[in-house]
Amino acid sequence: MHAFCGLDFGTSNSTIGVGRENGGSLLVPLEGDKPAMRSAIFCDTEQKEWVFGQKGIDGYLEGAPGRLMMALKSVLGSPLMEDKTYIFNEYISYSDVLSYFMRHVKMKAEKFADMELTHVVLGRPVHFDDNDLTNDNHAQNTLEKIARDLGFKEVSFQYEPIAAAMTYEMSVKAEQLALIIDMGGGTSDFTIIRLRPNMKTADRSDDVLANCGIHIAGTDFDQRLSLKTVMPLLGMGSLMKGSSSDIEVPSMFYHDLTTWHTLHNLYGVNTMTNVRSIHAMAYEKQLISRLIDILKNRAGHHILDAVETTKQRLSDAAEILLDLDFIENDLSVLVQRELFNHVIEDQLQNILKTVNETVALAGVKHADINAIFYTGGSTRIPAIREKINAMFPQATVVQGDAFGSVGLGLTIDAQRKYGSSI
Ligand SMILES: Nc1ncnc2c1ncn2[C@@H]1O[C@H](COP(=O)(O)OP(=O)(O)OP(=O)(O)O)[C@@H](O)[C@H]1O
Ligand SMILES: [Mg+2]
């Protein structure tokens, strides 16, 4: 083993890879024998411990008291990252929480490699923030500082789709122009790159023709699906008495209830007081009562989890029964894949627009692309692949490992950058 690693901190899943003695790279098993672990941190206030990954999610969903934090990558770069929360008798920020998570991953990898890891290539999306370069730089600087504080002496970054390209390149038999598509939980990223067999060089700037990214991916699809299917059952869109005429129940509660990092704020006393007064003015009181129960039982994460699972299962089935028994006995909603496709249609169009922008930026024609390489969990959605494939009818379609290609590529990159010096 070597002292370098590649770390893919994802919105939904994370991986870390290390170098082999023979020059190859491999991903470290982080969750059982699986290399991808959920990017989740549960602060168990009863046991007074931090629990990471799927175990943390399960603990929380099974009712252990505490706070579950997910999709922290979406907060990177925003001022929210430094907001302090009172946990275990001290004030800590999301940056601190992220640092605990990365320390956990680093320690697992060091145990696996049986040595201290001192050099790291960290993955990053093409844009952490689509619109603000300051936030974007801030996000990368925050990650770098955390990595250095954890003891990494050398820290560098690689775009996630370029890392995925390096993994794919290991298997190419002839030179080709490839479009790399990495769609995860938080971002959709695209690279057009010239790939060659037996490539060993670290600097690929001449081969990379274009990188583009957009902040629309899996968690946004989940939110849309929830707002359309579950939130109306909790009163969204229903009417209440206003001061002069009937008005719709305020929608902000439902938006917060479908967003990972705003969800927790709903469990405060103020929200409950507001929702109770809405209940008093509402025409469909039984719906608002469900919302009150959700807030009382802190069951928002259950909804997020159930909706995400439904979305995933819709990739293999035409319809799925979304079971909401945990809200009320026998409550469920039948969700059709067609409906899912419909609710994400405008988001999908924005993603396709970004693919076209990538082609334009590269200065090539669609017909010049020889291969499309897919990675990231959201590329499992059939409508997405169908629409992208149709834009490049002549290209060979390659389905990469959805959850491992980026982490492995970052490790290959680390090998090239640091392998000869340590
Ligand atoms: N079968 C599936 N169908 C549709 N979506 C899926 C499927 N499997 C996983 N996903 C979604 O893929 C996303 C996670 O993918 P991935 O692990 O590649 O993201 P990530 O690397 O953590 O995020 P990012 O790279 O954006 O930071 C989640 O939104 C998840 O719900
Ligand atoms: Mg990813």
(request) Enumerate lysine pairs in the range 219-334 that are 8 or more residues apart or on different chains, then count those whose Cα atoms are under 22 Å apart. (result) 4
(message) So if the hydrodynamic radius of the range 307-422 is defined as the Kirkwood radius over C-alpha pairs, what does Stokes-Einstein give as its diffusion coefficient at 10 °C and 1.306 mPa s, in µm² per second?
(response) 93
(message) Let me cross-check MET231: its accessible surface, 1.4 Å probe, with only protein heavy atoms counted, in Å² to the nearest 10?
(response) 0
(message) With Kirkwood's inverse mean 1/r over C-alpha pairs for Rh, give me the Rg to Rh ratio of the range 142-213, two decimals please.
(response) 1.04
(request) Report, in degrees rounded to the nearest 10, the 0 to 90 angle that the Cα long axis of helix 94-113 makes with the longest principal axis of the chain. (result) 40
(message) If you count only protein heavy atoms with a 1.4 Å probe, what accessible area per residue comes out for the range 219-334, rounded to a whole Å²?
(response) 49
(message) With a 1.4 Å probe and all protein chains left in place, how much accessible area per residue does the range 33-150 have, in Å²?
(response) 48
(message) Placing +1 on the Cβ of each Lys and Arg and -1 on the Cβ of each Asp and Glu in the range 1-147, which of ASN135, THR118, ALA3 has its Cα farthest towards the positive end of the resulting dipole?
(response) ALA3
(request) Whole number please: convex hull volume per residue, Cα atoms of the chain, in Å³. (result) 155
(request) Identify all lysines with a Cα-Cα distance to LYS200 below 30 Å; exclude those on the same chain that are fewer than 8 residues away in sequence. (result) LYS34, LYS106, LYS108, LYS111, LYS145, LYS153, LYS173, LYS365, LYS417
(message) Rg over Rh of the range 40-178, using C-alpha atoms and the Kirkwood radius, what does it come to?
(response) 1.03
(request) Using only protein heavy atoms and a 1.4 Å probe, report how much of ASP330 is accessible, in Å² to the nearest 10. (result) 140
(message) Give me a comma-separated list of calculated 3J(HN,Hα) values for the range 250-262, in order, Karplus coefficients 6.51, -1.76, 1.60 applied at θ = phi - 60°, integers in Hz, x for any Gly or Pro.
(response) x, 8, 4, 4, 6, 5, 5, 6, 10, 10, 3, 8, 9
(message) I'd like the accessible area for VAL120: 1.4 Å probe, protein heavy atoms, all chains in place, Å² to the nearest 10.
(response) 0
(message) At 7 Å along Cα-to-Cβ for each site, give me the label-to-label distance between GLN286 and LEU61 in nm.
(response) 2.8
(message) Please report Rg (one decimal) and Dmax (integer) in Å for the Cα set of the range 18-68.
(response) 14.7, 47
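Would you please calculate the Kirkwood hydrodynamic radius of the range 30-121 over all C-alpha pairs and express it in Å, rounded to one decimal? Please list the in-between numbers first.
Values: mean 1/r = 0.0703 Å⁻¹.
One over the average 1/r among Cα pairs gives 14.2 Å for the range 30-121.
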(request) Write down the Å³ per residue value for the convex hull defined by the alpha carbon atoms of the range 219-334. (result) 97
(request) Treat every Asp and Glu Cβ in the range 219-334 as -1 and every Lys and Arg Cβ as +1, leave all other atoms uncharged, and give the resulting dipole magnitude about the Cα centre to the nearest 20 debye. (result) 420
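The values are calculated or read from the model by the stated rules, or taken from the named source; none is laboratory data. Keep in mind the model is a prediction, meaning the values are calculated, not measured. So basically every Cβ, Gly included, is an ideal-geometry build from the backbone, and we count neighbours across all protein chains shown. Surface areas here come from the heavy atoms of the whole protein model, side chains and all, with no ligands, DNA or RNA. Shrake-Rupley method; radii C 1.70, N 1.55, O 1.52, S 1.80 Å.
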